[in-house]
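The values are calculated or read from the model by the stated rules, or taken from the named source; none is laboratory data. All values derive from a computational prediction rather than experimental measurement. Every residue, glycine as well, gets a Cβ built from its backbone with ideal geometry; the counts of neighbours run over all protein chains shown.
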Amino acid sequence: MSTLKKLKLPAWIFIGMLLGIVVGLVCMYTMADGGAFTTAYLKPVGTIYINLLKFLVVPVVLTSIVSGVVSLGDVKRMGSIGWKTVVYYLATTAIAIVIGLIFASAAKTIGIFPEAETLTLEEYTRPETKGIMEVLVGIFPDNMWKSFSDASMLQVIVVALFLGTGILAAGDAGKKFGDVMESAYAVVMKVMGFVIALTPIGVFCLMADVVAVNGPEIVGSLLIVIGVAYLAYIVHFVVCYGVSASALSKVGFIKFVKGIWPAMVVAFTTTSSNATLPINTECSNKMGADPEVSSFVLPLGATINMDGTAIYMGVATVFIASFYGINLTLGQMAMVVVTAILASIGTAGVSGAGMIMLAMVLESVGLPVEGIGLIYGVDKLFDMGRTTLNIVGDSTCALYMSRLDAKRAARLSGGKK
Ligand code: ASP
């Protein structure tokens, strides 16, 4: 009993996940419709947990960025972190999509993708998507409150940056408002701690339901395609984030993996970068990210940095092309790289959003959007891996930017580093 008491939250989260898998399997194999049982009785508890995380996202992002800007104190420092963050995010996403394309093309070339006859093309109607200019305009809110109530993250980030800069510009007159936001941030972080403590229960319920509903049968002939995506996820994780954690941020890869995995489990089970933001912030800060830096880098990453989604788009595009008997040319592959970067940026940090944006990539190379019907049924399984990778990428950036920011501070204060 005393050993149980000594276990830390990450261990409990891991236990929650394992128990969830076991209970999911037991329900699946011992009940006539185990999936219906877990969906009726366990999933709602998981949904409560996700809702609690989600309700925190807007307050966390708003108060953390405002107080981050205020305590960063100078707009130059913000700018310096800002552009480096965007370059880092774009570069890692480009690497991700190239890895995805290489793995999928190799799988296609050696002929391990399932034969077209063994696949079922479910009906897929594409939901309405926006054009690029519309997306750009949509980043700037016409109503601050609406951006909060819609939890439209890029808009919330814009509002927070303006408010923070306004507080700084107002000088003494703005100080009280700045203090209120800082105090609100402290309160929100406490509430976040309460919700994060519920993670083992949330993870247990969500995992049991995923396993019981998506039994092995559903994977069927798509096992190889899912396997190829996961292989590419893992390679990107080890190579790209390995280099980043050890060489760029000097945290060390093993220490990084140990520090980030509670957030990975939450991403894996909730399939939402937004919902994972609170725990990702906590894990990254514990590993040494500067809270002032991560409060800006992580919410931005949860919204625009989606390396896992980019890999998924590459793999899915090559797979769908191969189903229709089409060989993508090098030029088309380059097109996929560009559109997948844009589509992944446009993907919201919520469950299933990447599949909707996949349509944009398919269209860019003239593939039928209905091809999404091939993988529609198992998207959740792709999503679990891609969301996990998405949030890990954000964390590596927060650590690296914190290091760069510390170096910059040392340089400015005259010390050599
Ligand atoms: N679920 C992913 C995320 O939240 C987005 C996607 O569907 O690709 O990061």
Residues of region 116-146 classified as farther than 20 Å from ASN305 by Cα and either at pLDDT 80 or above or within 21 Å of the chain's Cα centre (by Cα) (or both), total: 6
Test set (1) more than 26 Å from the chain's Cα centre (by Cα); (2) at pLDDT 85 or above; (3) closer than 27 Å to ASP405 by Cβ; (4) of a type in the set (A, V, I, L, M) - VAL75 fails condition number: (2)
Pairs with Cβ under 6 Å, 6+ apart, first in region 255-281 and over 16 Å from MET192 (Cα atoms), second polar (S, T, N, Q) and more than 11 Å from the ligand (Cβ to nearest atom): ILE260/SER395
Test: residue in region 347-359 that is closer than 30 Å to SER246 by Cβ, surrounded by 24 or more Cβ atoms within 10 Å (Cβ to Cβ) and either small (Gly, Ala, Ser) or more than 10 Å from the ligand (Cβ to nearest atom) (or both): yes
Options ILE112, ILE102, ILE97; residue that is in a loop (DSSP other than H, G, I, E, B) and of a type outside the set (Asp, Glu): ILE112
Counted residues, region 193-230 - those being surrounded by fewer than 21 Cβ atoms within 10 Å (Cβ to Cβ) and modelled with pLDDT under 90: 11
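Condition check: within 30 Å of THR270 (Cβ to Cβ), more than 16 Å from the ligand (Cβ to nearest atom), more than 20 Å from the chain's Cα centre (by Cα) and buried (at least 20 other Cβ atoms within 10 Å of the Cβ). Does LEU328 satisfy that? Steps first, answer last, please.
Values: within 30 Å of THR270 (Cβ to Cβ): no; more than 16 Å from the ligand (Cβ to nearest atom): yes; more than 20 Å from the chain's Cα centre (by Cα): yes; buried (at least 20 other Cβ atoms within 10 Å of the Cβ): yes.
Taking the combined requirement at face value, the residue does not satisfy it.
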Per-region count, region 394-407, residues more than 10 Å from the ligand (Cβ to nearest atom) and either among the aromatic types (Phe, Trp, Tyr) or crowded, with 23+ Cβ neighbours inside 10 Å (or both): 8
Selected residue (only one of PRO10, PRO44 is in contact with a Pro (Cβ under 8 Å, 6 or more places away or on another chain), in a helix (DSSP H, G or I) and surrounded by fewer than 22 Cβ atoms within 10 Å (Cβ to Cβ)): PRO10
Residue match in region 364-380 (condition: β-branched (Val, Ile, Thr), within 23 Å of the chain's Cα centre (by Cα) and under 21 Å from LEU154 (Cβ atoms)): no
Tally of residues being in contact (Cβ under 8 Å) with a residue 40 or more places away in the chain, more than 30 Å from GLY171 (Cα to Cα) and aliphatic (A, V, I, L, M) across region 73-101: 8
Elements of type helices (runs of 4 or more DSSP H) contained in region 158-238, each with 3 or more residues being of a type outside the set (A, V, I, L, M) and farther than 20 Å from ARG386 by Cβ: 172-197, 199-213
Filter result (among the aromatic types (Phe, Trp, Tyr) and farther than 11 Å from MET401 by Cα) within region 284-303: none
Sole exception among (1) of a type in the set (Ser, Thr, Tyr); (2) at pLDDT below 90; (3) within 9 Å of the ligand (Cβ to nearest atom) for TYR376, by number: (3)
